[in-house]
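Comments concern the structure below.
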Amino acid sequence: MILMNKRCAGVAVLTASIFLSACGGSTPAEGDGVRVAAAFYPLQYAAEVVGGDLVAVDNLTTPGAEAHDLELSPRRIAELAEADLVIHLTGFQPAVDDAIAQSGPERVIDAAHLAMREPETDHEDEDHEDEEHAHGNADPHFWLDPTLMVTLMDDISAELQEILPEDAEQIRANAEQGKAEMMQLDDEFSEGLGQCQLDDFFTTHAAFGYLAERYGLREVALAGITPDDEPSPARIAEVQEQIEKTGATTIFFEAQTSDAVASTIADDLGLETAVLDPVQGVTDQSQGEDYPSIMRANLEALRSANGCA
């Protein structure tokens, strides 16, 4: 859903020099392009691809930080009023939702229409169910399906063309190139995961439902949507039983979270541990790390764990 809000008159106007980049870049000077504020990395990536040199994108989530737990300073909240476009996902980062309501940016893209998948509940775990309810019973991690990134790029393209009508042709060309790369990535996943010995993969965090659904796999997660959610002993025992039944060799954890639970289960069952990255942040863009490269690393990790031809 793309929302249009009037700018709040009561928010103080800040100079361009205050609008800080949270992704390690320099502070964009006045006139450097359309200012886009993206709530977290995949939104930043899509905006940079579509906008190219026409935009200066500010990631509200510091690289390496947990996106779910974002807090914003009063200055950062005020900066949103000066952004030409804000891109966020309602319900994923409450601090951003509150900041948008407070600062009233003129143009807002809400990616919530892309995050409509309900998490699977294949077990009886009261804490897990309560945690899902707290997130509105929707899985927010839509960007792990590259085809949904295509739709996001279309949304961004439409907004930027309205902001910069004189550059509409360039924006459309950028978007088409970005969408083509997403569809190439989709093809690679479809082919790479098309013939696997195992359909199930086991994770500590239920972040990969969109990926699993798109490519005919099944994610079995120890805990729910929130990365630091602790699984109950009953849930751990349940997952261990499923691992033994399927013959799985690997349990996945996230690079930015503790591997303690995954390692304990791996030690108990003689499994390997490996990283699956939910692509919520990038810590080292200077080394070429970006959305496509992380997704391709995820693909290779899944192929290795699931014995894919």
Filtered residue count, region 65-88, keeping only those that are within 13 Å of the chain's Cα centre (by Cα) and assigned to a loop (DSSP other than H, G, I, E, B)
2
Identify, from the list Ile77, Ile100, the residue that is more than 28 Å from Arg218 (Cα to Cα), in contact with a helix residue (DSSP H, G or I) (Cβ under 8 Å, 6 or more places away or on another chain) and surrounded by fewer than 20 Cβ atoms within 10 Å (Cβ to Cβ).
Ile77
The condition from (1) part of a loop (DSSP other than H, G, I, E, B); (2) over 19 Å from the mean Cα position of the chain (by Cα); (3) at pLDDT 95 or above; (4) over 27 Å from Ala173 (Cα atoms) that His123 misses is numbered (3)
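A quick yes/no check of all residues on (1) out of contact with any Phe, Trp or Tyr (no Cβ under 9 Å at 6 or more places or on another chain); (2) hydroxyl-bearing (Ser, Thr, Tyr); (3) at negative phi; (4) touching a residue at least 24 places away in the same chain (Cβ under 8 Å):
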| position | (1), (2), (3), (4) |
| --- | --- |
| Phe189 | no, no, yes, yes |
| Gln195 | yes, no, yes, yes |
| Val220 | no, no, yes, yes |
| Ala223 | yes, no, yes, yes |
| Glu238 | yes, no, yes, yes |
| Thr250 | no, yes, yes, yes |
Here are some conditions: (1) in a loop (DSSP other than H, G, I, E, B); (2) over 30 Å from Met182 (Cβ atoms); (3) among the charged types (D, E, K, R). Glu289 meets all but one. Which one does it not meet?
(2)
Given (1) surrounded by fewer than 22 Cβ atoms within 10 Å (Cβ to Cβ); (2) in contact with a helix residue (DSSP H, G or I) (Cβ under 9 Å, 6 or more places away or on another chain); (3) at pLDDT 95 or above; (4) assigned to a helix (DSSP H, G or I), index of the condition Leu302 fails
(1)
Out of all the residues in region 246-286, which are touching a strand residue (DSSP E or B) at 6+ places or on another chain (Cβ under 7 Å) and assigned to a helix (DSSP H, G or I)?
Thr246, Ala262, Ser263, Ile265, Ala266
Scan of region 99-112 for residues that are assigned to a helix (DSSP H, G or I) and either in contact with a Gly (Cβ under 9 Å, 6 or more places away or on another chain) or in contact (Cβ under 8 Å) with a residue 24 or more places away in the chain (or both), ordered by number
Ala99, Ile100, Gln102, Ser103, Ala111, Ala112
Selection within region 246-265 - loosely packed, with under 13 Cβ neighbours inside 10 Å and either aromatic (Phe, Trp, Tyr) or within 11 Å of Asp200 (Cα to Cα) (or both)
Gly247
Please return the ranges of helices (runs of 4 or more DSSP H) entirely within region 146-245 where 3 or more residues are open to solvent by 30 Å² or more (accessible area, probe 1.4 Å) and modelled with pLDDT of 95 or more.
146-163, 168-192
Where Ile243 falls short, out of the listed (1) closer than 30 Å to Asp69 by Cβ; (2) more than 26 Å from the chain's Cα centre (by Cα); (3) free of Cβ contacts under 8 Å to residues at least 12 places away in the same chain
(3)
Could you tell me which numbered condition Leu72 fails, if it satisfies all but one of (1) open to solvent by 10 Å² or more (accessible area, probe 1.4 Å); (2) within 24 Å of Ile294 (Cα to Cα)?
(2)
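The values are calculated or read from the model by the stated rules, or taken from the named source; none is laboratory data. Computed from a predicted model, the values in this text were never measured in an experiment. Neighbour counts run over all protein chains shown; Cβ positions are idealised from the backbone, glycine included. Ligands, DNA and RNA are stripped out before the accessible areas are found, and what is left, the full protein with its side chains, is counted by its heavy atoms. Shrake-Rupley method; radii C 1.70, N 1.55, O 1.52, S 1.80 Å.
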